[in-house]
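*Asks:* Submitted below is the structure of interest, expressed as structure tokens.
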Amino acid sequence: MGHRNTRVIGGIVGLAIAGVLCALGLVMTSNANFAKSYTAEQLGRQNITFKTLDTLTEEERGSSCLVRYAGQKLITGKQAECYANDFIGEHVKDVAGGKTYAELGGPERALRAKVAAAQTANDPALADLQKQHGAMKGQRDTLFQGETSRGLLLTSFGFDVLGAKAEQAATVAYLVAGLLALLSLVSLVRGRRSPKARTVTDPGSAKAIRGEKQLVDA
């Protein structure tokens with residue numbers, strides 16, 4: 001195969017690959033736009049607003065993102081990450097001395113069993129045990145709500161990050177497709193301008209053929 005055909009075929013294949021990359025970029029762009037709009041829509045429905053700057057506690061002022069988003073409505077993935085980690089995350093640490101909902105499960109069940117046993121035995125310590133159990137159960141309920149809200153917000157943040165990654169991948173796909181299309185067009189142009197391949201005949205072979213023909217005629 002001559003250089004001319006090779007360049008033409010290479011150019012056609014390159015344009016086909018560039019087309020596939022463009023299509024892939026369009027799909028990624030569509031996914032990125034969906035992630036952004038869906039995240040903003042769902043977060044907006046929660047009607048969460050950051051505390052204004054003048055209402056932030058001294059501890060909360062130590063968070064740069066809480067200060068930056070002060071007074072704003074929560075509608076973006078980055079805002080969701082900030083609210084989940086620097087606001088909810090810090091506040092739930094104060095509920096039960098840093099323990100989580102799961103960590104309080106065992107102690108709460110043990111205290112509940114003590115309450116049941118005290119009720120059966122008419123233990124005078126029953127009232128105190130019930131008070132302790134009620135306080136711990138309240139802590140667990142608060143932790144459950146806080147940790148659930150935090151998890152949902154971080155899920156939204158992760159979804160938003162995936163959309164940003166898709167947008168970056170789409171940009172790369174477009175750039176590669178554009179470069180590949182340009183190189184393919186150059187290859188096609190050079191292929192069309194290249195002279196067609198010529199068939200070269202060995203002079204020695206030609207003389208031998210003529211000599212055989214003369215012997216046959218004789």
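The values are calculated or read from the model by the stated rules, or taken from the named source; none is laboratory data. This one's a predicted model, so the numbers in the text were calculated from it and none came from an experiment. With ideal geometry, Cβ positions are generated from the backbone for all residues, glycine too; neighbour counts draw on all protein chains shown.
*Asks:* State whether one or more residues within the range 31-40 are over 21 Å from residue 149 (Cα atoms), of a type in the set (A, V, I, L, M) and without any contact (Cβ under 8 Å) to a residue 24 or more places away in the chain. So that I can check it myself, show each step before the final result.
*Replies:* Filtering the range 31-40 down to residues over 21 Å from residue 149 (Cα atoms) leaves 31-34.
Next cut, of a type in the set (A, V, I, L, M) only: 32.
Checking which are without any contact (Cβ under 8 Å) to a residue 24 or more places away in the chain leaves us with none.
Looking through the range 31-40, none of the residues is over 21 Å from residue 149 (Cα atoms), of a type in the set (A, V, I, L, M) and without any contact (Cβ under 8 Å) to a residue 24 or more places away in the chain.
*Asks:* When the residues of the range 99-114 are narrowed to those that are in a loop (DSSP other than H, G, I, E, B) and either modelled with pLDDT of 95 or more or not aromatic (Phe, Trp, Tyr) (or both), which ends up surrounded by the most Cβ atoms within 10 Å (Cβ to Cβ)? Before the answer, list the steps.
*Replies:* The initial filter retains those residues of the range 99-114 that are in a loop (DSSP other than H, G, I, E, B), namely 99-104.
From what's left, either modelled with pLDDT of 95 or more or not aromatic (Phe, Trp, Tyr) (or both): 99-100, 102-104.
Numbers: 99: 16, 100: 16, 102: 11, 103: 14, 104: 20.
Restricting to residues being in a loop (DSSP other than H, G, I, E, B) and either modelled with pLDDT of 95 or more or not aromatic (Phe, Trp, Tyr) (or both), the top hit is 104.
*Asks:* Still on this structure, please answer the following. Got at least one residue in the range 45-54 being modelled with pLDDT of 90 or more, exposed (fewer than 13 other Cβ atoms within 10 Å of the Cβ) and not in a helix (DSSP H, G or I)?
*Replies:* There is at least one residue in the range 45-54 that is modelled with pLDDT of 90 or more, exposed (fewer than 13 other Cβ atoms within 10 Å of the Cβ) and not in a helix (DSSP H, G or I).
Every residue, every condition in (1) out of contact with any Phe, Trp or Tyr (no Cβ under 7 Å at 6 or more places or on another chain); (2) not aliphatic (A, V, I, L, M), yes or no:
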{"site": "26", "(1), (2)": "yes, no"}
{"site": "44", "(1), (2)": "yes, yes"}
{"site": "48", "(1), (2)": "no, no"}
{"site": "53", "(1), (2)": "yes, no"}
{"site": "70", "(1), (2)": "no, no"}
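*Asks:* Let me ask something else. Taking residue 78 and the conditions (1) outside any helix (DSSP H, G or I); (2) within 38 Å of the chain's Cα centre (by Cα), which numbered condition does it fall short on, given that it satisfies the others?
*Replies:* (1)
*Asks:* Would you say residue 90 is of a type in the set (Asp, Glu), surrounded by 14 or more Cβ atoms within 10 Å (Cβ to Cβ), in a helix (DSSP H, G or I) and at pLDDT below 95?
*Replies:* Values: of a type in the set (Asp, Glu): yes; surrounded by 14 or more Cβ atoms within 10 Å (Cβ to Cβ): yes; in a helix (DSSP H, G or I): yes; at pLDDT below 95: yes.
When the stated conditions are applied, residue 90 passes them.
*Asks:* If you go through the range 57-66 one residue at a time, do you hit one that is closer than 20 Å to residue 156 by Cβ and either touching a His at 6+ places or on another chain (Cβ under 6 Å) or of a type outside the set (Ser, Thr, Tyr) (or both)?
*Replies:* Filtering the range 57-66 for residues closer than 20 Å to residue 156 by Cβ gives 63, 65-66.
Next cut, either touching a His at 6+ places or on another chain (Cβ under 6 Å) or of a type outside the set (Ser, Thr, Tyr) (or both) only: 65-66.
So far as the range 57-66 goes, yes, one or more of its residues are closer than 20 Å to residue 156 by Cβ and either touching a His at 6+ places or on another chain (Cβ under 6 Å) or of a type outside the set (Ser, Thr, Tyr) (or both).
*Asks:* Considering only residues that are buried (at least 19 other Cβ atoms within 10 Å of the Cβ) and touching a Gly at 6+ places or on another chain (Cβ under 9 Å), which ones fall in the range 61-80?
*Replies:* 74, 77 - these are the residues of the range 61-80 that are buried (at least 19 other Cβ atoms within 10 Å of the Cβ) and touching a Gly at 6+ places or on another chain (Cβ under 9 Å).
*Asks:* Still on this structure, please answer the following. Would you be able to say whether some residue in the range 25-38 is crowded, with 17+ Cβ neighbours inside 10 Å, under 12 Å from residue 176 (Cα atoms) and under 20 Å from the mean Cα position of the chain (by Cα)? Steps first, answer last, please.
*Replies:* Quick first cut of the range 25-38, residues crowded, with 17+ Cβ neighbours inside 10 Å only: 25, 28-29, 31-32, 35-36.
Pick out the ones that are also under 12 Å from residue 176 (Cα atoms) and you get 25.
From what's left, under 20 Å from the mean Cα position of the chain (by Cα): 25.
Yes - at least one qualifying residue is present in the range 25-38.
*Asks:* Moving on to the next point. Taking the condition of a type outside the set (A, V, I, L, M, F, W, C), over 24 Å from residue 160 (Cβ atoms) and part of a helix (DSSP H, G or I), does residue 6 pass? Outline the logic, then answer.
*Replies:* On the way: of a type outside the set (A, V, I, L, M, F, W, C): yes; over 24 Å from residue 160 (Cβ atoms): yes; part of a helix (DSSP H, G or I): yes.
Criteria met by residue 6.
*Asks:* A further question follows. Quick one: is residue 153 assigned to a helix (DSSP H, G or I), at pLDDT below 95 and more than 21 Å from residue 112 (Cβ to Cβ)?
*Replies:* Values: assigned to a helix (DSSP H, G or I): yes; at pLDDT below 95: no; more than 21 Å from residue 112 (Cβ to Cβ): yes.
The answer is no for residue 153.
*Asks:* Say whether the condition of being touching a His at 6+ places or on another chain (Cβ under 6 Å) and surrounded by 15 or more Cβ atoms within 10 Å (Cβ to Cβ) is met by at least one residue in the range 152-172.
*Replies:* We begin by selecting, within the range 152-172, every residue touching a His at 6+ places or on another chain (Cβ under 6 Å); these are none.
Among the residues of the range 152-172, not one is touching a His at 6+ places or on another chain (Cβ under 6 Å) and surrounded by 15 or more Cβ atoms within 10 Å (Cβ to Cβ), which makes the answer no.
Yes/no per residue for (1) without any contact (Cβ under 8 Å) to a residue 12 or more places away in the chain; (2) assigned to a helix (DSSP H, G or I); (3) farther than 30 Å from residue 35 by Cβ:
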{"site": "97", "(1), (2), (3)": "yes, no, yes"}
{"site": "116", "(1), (2), (3)": "yes, yes, yes"}
{"site": "124", "(1), (2), (3)": "yes, no, yes"}
{"site": "128", "(1), (2), (3)": "yes, yes, yes"}
{"site": "149", "(1), (2), (3)": "no, yes, no"}
{"site": "160", "(1), (2), (3)": "no, yes, no"}
